[in-house]
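The values are calculated or read from the model by the stated rules, or taken from the named source; none is laboratory data. In this text, all values refer to a predicted model and were calculated from it rather than measured experimentally. Neighbour counts are summed over all protein chains in view; Cβ atoms, including those assigned to glycine, are modelled from backbone coordinates with ideal geometry. Note: accessible area is taken over every heavy atom of the protein model, side chains too, but ligands, DNA and RNA are not part of it. Shrake-Rupley method; radii C 1.70, N 1.55, O 1.52, S 1.80 Å.
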Amino acid sequence: QVQLVESGGGLVQPGESLRLSCAASGSNFMIATMNWFRQAPGKQRVFVASITGSGSTNYADSVKGRFTIYRDNANNTVYLQMDSLRPEDTAVYFCHRNRFGLNYWGQGTQVTVSS
């Protein structure tokens with residue numbers, strides 16, 4: 001069983017930063033690819049960033065150079081450092097893991113970027 005709990009969202013002004021956390025339970029976290037997705041109001045959920053068990057990362061073009069995904073295997077946690085935030089980054093951010101063909105999602109954390 002995999003459980004994912006996100007935290008760290010909030011209201012910030014354009015240009016500011018936030019760090020999201022995803023605490024994961026379940027076996028084999030160290031080798032799991034972990035992902036962040038986001039869903040803006042009225043839009044589909046879209047990929048933001050991923051990190052493999054070996055630390056390889058991948059980013060959506062819209063966040064490259066501004067967001068950084070990293071992990072702490074000792075604490076079963078994956079992070080999303082978000083810098084230079086823009087109003088278009090406003091969304092609910094979800095942590096995700098696929099294990100044995102099943103998709104696991106957290107409850108999401110709201111990020112609002114507004115002046």
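Where Rh denotes the Kirkwood radius from the mean inverse Cα pair distance, what is Rg over Rh for region 63-108?
On the Cα set of region 63-108, Rg over Rh gives 1.02.
With the cut-off at 1.5 for a/c, could you classify region 40-94 from its C-alpha gyration tensor as rounded, prolate or oblate?
In terms of gyration-tensor shape, prolate.
Once the other residues with Cβ under 11 Å from the Cβ of Val113 are scored (Lys, Arg +1; Asp, Glu -1), what is the net sum?
-2
For the chain, which whole percent of the accessible surface, found with a 1.4 angstrom probe, sits on carbon and sulfur atoms?
Heavy-atom surface of the chain belonging to carbon and sulfur, 1.4 Å probe: 48 percent.
Would you please state the base-10 log of I(q)/I(0) at q = 0.23 1/Å for the chain, with intensities from the Debye formula using one equal scatterer on every alpha carbon?
Debye curve over Cα of the chain, log10 I(q)/I(0) at q = 0.23 Å⁻¹: -1.35.
So what are the ³J(HN,Hα) numbers for region 39-49, from phi and the Karplus equation (6.51, -1.76, 1.60; θ = phi - 60°), rounded to whole Hz, Gly and Pro as x?
Karplus-based 3J(HN,Hα) across region 39-49 equals 9, 7, x, x, 10, 6, 6, 10, 5, 10, 6 Hz.
Tell me which residues come under 5 Å, amide H to amide H, from Arg99 once H is placed; ignore anything under 5 positions away on its chain.
Answer set, sorted by chain and number: Tyr104.
Provide the per-residue ³J(HN,Hα) series for region 76-88, in order, calculated from phi with Karplus coefficients 6.51, -1.76, 1.60 and θ = phi - 60°, each as a whole number of Hz, with x at glycine and proline positions.
Each residue of region 76-88 in turn: 6, 10, 10, 10, 10, 8, 10, 10, 6, 5, 10, x, 6 Hz.
Between Asn103 and Ser17, what length in nm is gained on full extension when 0.36 nm per residue of separation is reduced by their alpha carbon distance?
28.1 nm
How high is the relative contact order of the chain, in percent, with contacts defined as C-alpha pairs under 8 Å that are six or more residues apart?
36
Quote the charge dipole size of region 1-64 about the Cα centre in Debye, to the nearest 20; the model charges only the Cβ of Lys and Arg (+1) and of Asp and Glu (-1).
The calculation lands at about 120 debye.
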